[in-house]
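For reference, the structure is listed below as structure tokens.
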Amino acid sequence: MTSKSFVVLDNIAKRWAGQLGVENISLDIPQGAFVALLGPSGCGKSTTLRLLAGLEMPDEGKIIIDGNDVTGAPASKRNLSMVFQSYALFPHLSVAENVMFGMKVRRVPRAERLEKLRDVMEMTGLTGYEDRKPNALSGGQRQRVALARAIVAGQKLCLMDEPLSNLDAKLRMSVRKDIKKLQRDLGITVVYVTHDQTEAMSMADMVVLMKDGRIQQIGTPDQLYSQPANIFAAEFVGAPPMALIQGRALPGFRDDFSIGVRAEKIDLAETGKGRLKCQIVDCEFLGAETHVGLEHELAVGLTLKLDGLVQKQVGEFVEIGFADKDLHVFDKNGCRVEFKRDEQGVST
Ligand code: ADP
Ligand code: MG
């Protein structure tokens with residue numbers, strides 16, 4: 001535990017009747033960090049968050065928050081706030097009453113309550129909506145009320161479980177920016193659960209990628225993107241996912257290895273000069289660029305990114321090239337290996 005650690009999960013495990021929830025979860029979160037727990041549905045993100053919140057008790061391991069061992073402590077003693085996917089607002093209370101509910105329970109004086117309400121309404125862009133009931137608000141506004149309620153709690157740690165997944169794509173993007181700005185302005189530590197890699201990559205300082213109840217990789221968004229620890233990370237992070245080529249398709253690479261390459265590192269090559277000959281299977285214009293889907297019998301996920309609008313004939317054969325320095329090499333277990341060539345020119 002470094003001096004800057006604010007939240008520490010030390011080798012946490014949780015099982016239900018022998019069935020795995022999560023195991024070997026170790027995390028060290030500095031104060032003020034925005035940490036995303038990322039992974040497919042069922043990988044253990046919510047379980048990890050609930051363990052941190054005190055809504056579940058671990059079978060193994062230790063949890064430290066702000067220097068205190070809270071492993072056995074109830075949720076109410078952990079000094080944190082939570083925001084869920086379902087906004088969990090009281091339908092019969094107004095926006096203002098929902099936001100101030102916790103303060104009222106804690107008997108915060110009325111004048112202070114109103115002052116905090118005014119500040120937080122301003123911060124979350126809800127000024128003017130104080131008297132509305134939740135059913136007279138849009139999804140985005142409801143989620144903002146839930147955020148406001150978490151903010152007025154004044155805790156240094158806020159846990160969020162897929163808070164944006166009920167919103168449409170456009171709104172998700174704008175609330176995503178609001179959350180990030182609030183977190184930065186308030187200097188709070190956020191642990192944020194999402195299955196959406198774009199959300200995790202755009203918001204977090206630190207991404208914890210999970211699969212089947214275990215951590216696969218912990219790193220900055222850049223580290224996850226540019227040095228995926230295994231094939232799962234390579235395919236889960238980034239859009240489109242990293243393409244994977246069987247080693248035997250490329251001279252000089254071991255047959256049992258998989259070679260990964262990102263779409264933006266692939267170029268069209270002149271006939272006879274490419275490293276792979278592929279067939280165009282689709283062509284998708286996205287505005288600033290065109291994504292050309294390619295098929296090769298020894299590869300999956302090959303995509304070529306071309307600037308602007310490019311018309312390519314589906315069915316046409318093209319040759320592609322890429323530089324060795326842009327390749328990611330994974331061993332037969334799917335783990336990243338550092339790429340070196342031996343005297344025979346074979347990668348090891
Ligand atoms: P995620 O949030 O990543 O979608 P969860 O943490 O909810 O995943 O679930 C992780 C695993 O733990 C799943 O296999 C899930 O079925 C199991 N699980 C979660 N909560 C319970 C519970 N209360 N009882 C039994 N199994 C559970
Ligand atoms: Mg979940």
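The table for this structure:
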{"quantity": "Which of Lys312, Lys45 is most accessible, then next, and so on - probe 1.4 Å", "calculated": "Lys312, Lys45"}
{"quantity": "Span-like helix ranges in the chain, DSSP H, alpha carbon extent 15 angstrom or more, Kyte mean at least -0.5", "calculated": "95-105, 139-152"}
{"quantity": "Equivalent ellipsoid semi-axes, the stretch 1-130, via Cα gyration tensor eigenvalues times 5, rooted, Å", "calculated": "32, 18, 15"}
{"quantity": "Percent carbon-and-sulfur accessible area, the stretch 1-89, ignoring ligands, DNA and RNA, probe 1.4 Å", "calculated": "47"}
{"quantity": "Amide H within-cut-off set for Phe253, under 5 Å, with H built and near neighbours excluded", "calculated": "Ser347"}
{"quantity": "Restraint check, Lys4/Lys77; Lys170/Lys211; Lys62/Lys116, Cα-Cα greater than 32 Å", "calculated": "Lys62/Lys116"}
{"quantity": "Area of Arg118 that stays accessible when all protein chains are in place (1.4 Å probe, Å², to 10)", "calculated": "150"}
{"quantity": "P(r) weight above 32 Å for the chain, C-alpha pairs, percent", "calculated": "43"}
{"quantity": "Long-range HN-HN contacts of Val329 with modeled amide H, under 5 Å", "calculated": "Gly260, Val337"}
{"quantity": "From phi via Karplus (6.51, -1.76, 1.60), per-residue ³J(HN,Hα) for the stretch 60-65 in Hz, x at Gly/Pro", "calculated": "9, x, 9, 10, 10, 10"}
{"quantity": "Heavy-atom accessible area ranking, 1.4 Å probe, most first, across Asp178, Asp59", "calculated": "Asp59, Asp178"}
{"quantity": "Cα-centred dipole magnitude for the stretch 240-337, charges only on beta-carbon of K, R (+1) and D, E (-1), debye, nearest 20", "calculated": "320"}
{"quantity": "In order through the stretch 222-239: 3J(HN,Hα) via Karplus (6.51 cos²θ - 1.76 cosθ + 1.60), integer Hz, x for Gly, Pro", "calculated": "4, 5, 5, 6, 9, 9, x, 6, 7, 5, 4, 5, 4, 8, 7, 9, x, 10"}
{"quantity": "Apportionment of accessible area to carbon and sulfur, the stretch 240-337, percent (1.4 Å)", "calculated": "47"}
{"quantity": "Among beta bridges that DSSP assigns inside the chain, antiparallel share in %, nearest 5", "calculated": "75"}
{"quantity": "Residue-normalised accessible area of the chain, expressed per residue, 1.4 Å probe, Å²", "calculated": "49"}
{"quantity": "Span from the the stretch 168-215 Cα centroid across to the the stretch 257-302 one, whole angstrom", "calculated": "30"}
{"quantity": "Within the stretch 5-232: Cβ-based charge dipole about Cα centre, in debye rounded to nearest 20 (Lys, Arg +1; Asp, Glu -1)", "calculated": "680"}
{"quantity": "Solvent exposure, largest accessible area first (probe 1.4 Å, DNA, RNA and ligands not counted), of Arg184, Arg107, Arg214", "calculated": "Arg107, Arg184, Arg214"}
{"quantity": "Isotropically averaged projected area of the stretch 240-337, using the convex hull of Cα atoms (one quarter of hull area), nm²", "calculated": "6.2"}
{"quantity": "Residues whose placed amide H lies under 5 Å from that of Gln216, excluding near-sequence neighbours", "calculated": "Leu209, Met210, Lys211"}
{"quantity": "Hydrodynamic radius of the stretch 193-273 per Kirkwood, over alpha carbon pairs, in Å", "calculated": "14.1"}
{"quantity": "Area of His92 that stays accessible when all protein chains are in place (1.4 Å probe, Å², to 10)", "calculated": "120"}
{"quantity": "Sites Phe317 and Glu264, calculated FRET efficiency, Cβ-Cβ separation with R0 22 Å, nearest 0.05", "calculated": "0.50"}
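The values are calculated or read from the model by the stated rules, or taken from the named source; none is laboratory data. Fair warning: this is a prediction, and the values are worked out from it, not measured in the lab. Virtual Cβ from ideal backbone geometry, glycine too; neighbours counted across all protein chains shown. Surface accessibility is based on the protein's heavy atoms, side chains included, excluding ligands, DNA and RNA. Shrake-Rupley method; radii C 1.70, N 1.55, O 1.52, S 1.80 Å.
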